[in-house]
Amino acid sequence: MLSRRELEHLYPGIRLGKDVTGGAFSALDGHVNPLRLLMALQQGFVDAGGTVHRGRRVDGIEVCGGQFRLHLKTGVVHAARVVIAAGEASRVLAEPLGMTLPFTLQRGQILVTERVGPVLPYPSDRIRQTAGSTIMIGGTKENVGRDTGTTAGAAASLAARAIRVFPDLARVSAVRQWSGRRVITPDIAPIYERSSRFPGAYACICHSGVTLAAYHARGLAKRIAGYGSWDDVQQFSARRFNVQAA
Amino acid sequence: MFRLLEDDRGRMESTVTIEIDGYPVIARIGETVASALLREGASWSRTTPVSGARRAPYCMMGVCFDCLMLVEGEGLVRACQTLVRAGLKVQRQTGPRKVGPSC
C-alpha cells in the first residue's frame, strides 16, 4: 500500500485529485496490448507448426472413435485434442462434450481519449495509457444481457471518476466510447475444465484472456498439452460451483 | 454524413465561411468540415502524436479518427462528422495534447 506522497512519486507528470489518499502497487502486474497479444499468440501458434483457420465458425464438435470432429462450414477438421475458448459461445460447444460452464454476461463500457503526451507510466485497473498514447478509462459493470450499446450516463460517470483521480484529464477530449460483453463466472475466477467423459477435450472461460495472458500462454498451455500436472488447475474446474448454498 | 448531395437541391450557391487555423475557407452548407478541408491546398487535419507525420481525412465515415480537429466550443472532434456552419473556428492539432501541472 502506498501513501499519497509515494503515489505522487510514481506519477510525476500529472496531478492527483484532492480525494486521492493513497494507492496499491504490485510489481507483478502490467499492461498487455490486446491487439499485439492476439498477433503474438497466432504467430507463436504458426511458428510451432499450427494452421490458423481465420473466420471459420465451428458449428459443433462430435466425438468419433476417440477423435474429435469439428464441423466447420467449409468442412470437417479432425483432432485428438480440442480446447474450447470461444467466450460466450463456449457453453453450446462444451455441453455435448460433458462440460458445463456457468457464466453470465456483463456489459463494460470504456472511454478512450485523444492521444496525449506520456503522463501515466503505470497502468491501473481503471485508467491506463496505451502504447498508442491514448488513455483508456474503464469500465462499467452492467447486467443488460446481450446489449452492447453505449450510454451518456456511463460516459459521464467514467469521466467524472477519472477527473476525480487525475484532474488534468478534464482538459483532454474523449474521442471514443465503446462497450463489450464480459463472460463472468459465478465467482469471477476463470473456469479451466477438462472433460472426464471425453479425454482430450478442454474448455476455458474467463474475463479475460488478456488479463490472464501470461498464465494462459505458458502454464495453462503446457498443462493442456500434457506437460506438468493438472492438479493445480483442477481447483478451477466448474465443479467448484456444485455445492449447496449455505 | 456525406450530406451535400441530398441537401443541395439546387442551392449549391449557398455557402458559409469557416476559419481553419485563422484563415477563411469557403464551405457549402450541408458539407462537413473534412470535405471543406480536402479542397484546401493544405488538406491535412493534424499531425499524429505518435510519429509527428501529417494526417488527412481518410475514411470520411467516422471510424479512422485521422481527421480529429479542434473545433471552438466543442473540443477535439472528427471533422468528417461535423457539419460546417457560419463562423465555425477550426484548428489543426499539432503534437500530443499536453497534460500536467505545468500547462
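The values are calculated or read from the model by the stated rules, or taken from the named source; none is laboratory data. Note that this is a predicted model, so its numbers are computed, not measured. A quick note on method: Cβ atoms are made from the backbone with ideal geometry, for glycine too, and the neighbour counts reach across all protein chains shown.
Points to keep in mind about this one:
- Of all the numbered requirements in (1) of a type in the set (D, E, K, R); (2) more than 10 Å from chain A (Cβ to nearest Cβ); (3) more than 12 Å from A:Glu114 (Cα to Cα), B:Asp66 misses one, and that requirement is (3).
- Residue within the stretch B:86-96 that is away from chain A (no Cβ under 13 Å), part of a loop (DSSP other than H, G, I, E, B), without any contact (Cβ under 8 Å) to a residue 40 or more places away in the chain and not aromatic (Phe, Trp, Tyr) present: no
- When restricted to residues that are within 13 Å of another protein chain (Cβ to nearest Cβ) and among the hydroxyl-bearing types (Ser, Thr, Tyr), the stretch A:11-25 contains 1.
- When the stretch A:194-211 is filtered for residues that are surrounded by fewer than 18 Cβ atoms within 10 Å (Cβ to Cβ) and among the hydrophobic types (A, V, I, L, M, F, W, C), the ones remaining, listed by number, are A:Phe198, A:Val210.
- Per-region count, the stretch B:39-61, residues more than 14 Å from every other protein chain (Cβ to nearest Cβ) and surrounded by 18 or more Cβ atoms within 10 Å (Cβ to Cβ): 2
- Residue ID - nearest to A:Pro123 (Cα to Cα), chosen from residues in the stretch A:190-211 that are touching a strand residue (DSSP E or B) at 6+ places or on another chain (Cβ under 8 Å), among the hydrophobic types (A, V, I, L, M, F, W, C) and part of a loop (DSSP other than H, G, I, E, B): A:Cys206
- Only one of A:Ala174, A:Ala159, A:Ala152 that is outside the structural domain of A:His78 (by TED's automatic domain parsing), without any contact (Cβ under 8 Å) to a residue 12 or more places away in the chain and among the hydrophobic types (A, V, I, L, M, F, W, C): A:Ala152
- Qualifying residue in the stretch A:213-232 (condition: surrounded by fewer than 19 Cβ atoms within 10 Å (Cβ to Cβ), part of a loop (DSSP other than H, G, I, E, B) and touching a Phe, Trp or Tyr at 6+ places or on another chain (Cβ under 8 Å)): no
- Filter pass, A:Leu2 being surrounded by 12 or more Cβ atoms within 10 Å (Cβ to Cβ), in contact (Cβ under 8 Å) with a residue 40 or more places away in the chain and under 24 Å from A:Thr211 (Cβ atoms): no
- Any hit, the stretch A:47-59, residues being within 30 Å of A:Gln106 (Cα to Cα), modelled with pLDDT of 95 or more and small (Gly, Ala, Ser): no
- Residue, nearest to the other protein chains (Cβ to nearest Cβ), within the stretch A:174-206, restricted to residues that are closer than 19 Å to A:Leu111 by Cβ and not charged (D, E, K, R): A:Val175
- Unmet criterion (only one of (1) free of Cβ contacts under 8 Å to residues at least 12 places away in the same chain; (2) outside any loop (DSSP other than H, G, I, E, B); (3) away from every other protein chain (no Cβ under 12 Å)) for B:Val77: (3)
- Test for A:His9: is it outside any loop (DSSP other than H, G, I, E, B), surrounded by fewer than 16 Cβ atoms within 10 Å (Cβ to Cβ) and either of a type outside the set (Phe, Trp, Tyr) or at pLDDT 95 or above (or both): yes
- Flag if A:Ser157 is hydroxyl-bearing (Ser, Thr, Tyr), under 28 Å from A:Ala238 (Cα atoms) and not in a loop (DSSP other than H, G, I, E, B): no
- Test for A:Ala162: is it farther than 28 Å from A:Phe103 by Cα and outside any loop (DSSP other than H, G, I, E, B): yes
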